[in-house]
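Heads up, the thing below is written out as structure tokens.
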Amino acid sequence: MIDSTILKEAPYTHCYCEENVYLLGRLLLESATIDETECEVFVAFISNETKSVLLCRAKDSTQEHLIPGYSPVIWDYHVILILRSTQKGCFVYDFDSRMPLGCSFEGNQPTPRPPDNHPRSSH
């Protein structure tokens, strides 16, 4: 996991996920707080052909009533940082999520998708 001091130093600009992840990654690599023989840093660009990605547990969600507990938003794309440690597993860093920074990759999504009793769209 990333040291909390680094996370506090990382700048955040609302609606600029790619810039936020880039700056966090740069801070992380420049600080030499991770052992590069044990850890790998990845940037994941999430999108699709229709540029309409359903993301859950988003801080900016105003649609909680549509899928209770999921805080959905639909964005054209999103960018997150993933830290993979050979000793500790994978961790997700997403400044726009209601999940804690550095939550385990495996625990990032409690269920693969919203329950079937909610209306589906083409997203």
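The values are calculated or read from the model by the stated rules, or taken from the named source; none is laboratory data. Note that the structure is a prediction, hence the values are computed from the model and not measured. Methodologically, a virtual Cβ is constructed for each residue, glycine included, from the backbone with ideal geometry; neighbour enumeration extends over all protein chains shown. Heads up: the accessible areas ignore ligands, DNA and RNA and are worked out on the full protein's heavy atoms, side chains in. Shrake-Rupley method; radii C 1.70, N 1.55, O 1.52, S 1.80 Å.
Below are the figures for this structure:
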item: Solvent-accessible surface (1.4 angstrom probe) belonging to Asp96, in square angstrom, nearest 10; result: 20
item: Radius, Kirkwood style, for segment 17-76 when every pair of distinct Cα atoms is counted (Å); result: 14.0
item: Where Val43, Val21 fall by accessible area, highest first, once all protein chains stay in place (1.4 Å); result: Val43, Val21
item: Asp35 paired with Ser85, simple spin-label distance in nm, labels 7 Å along Cα-to-beta-carbon; result: 1.0
item: Karplus (6.51, -1.76, 1.60) ³J(HN,Hα), θ = phi - 60°, over segment 28-36, in Hz, Gly and Pro reported as x; result: 4, 6, 6, 7, 6, 8, 10, 8, 5
item: Segment 1-47-segment 62-78 distance, computed between alpha-carbon centres (Å); result: 25
item: Accessible-area composition of segment 1-105, carbon plus sulfur, in percent [1.4 Å probe]; result: 55
item: Proximal lysines relative to Lys8, as straight alpha-carbon distance under 25 Å, when same-chain residues fewer than 8 apart are discounted; result: Lys59, Lys88
item: Solvent-accessible area of Phe42 with every protein chain in place, 1.4 Å probe, in Å² to the nearest 10; result: 80
item: Loop trypsin sites (Lys or Arg not before Pro), segment 75-108 (other Cβ atoms within 10 Å of the site Cβ: 14 or fewer; DSSP); result: Lys88, Arg98
item: Probe 1.4 Å, protein heavy atoms only - accessible area per residue of segment 35-74 in square angstrom; result: 67
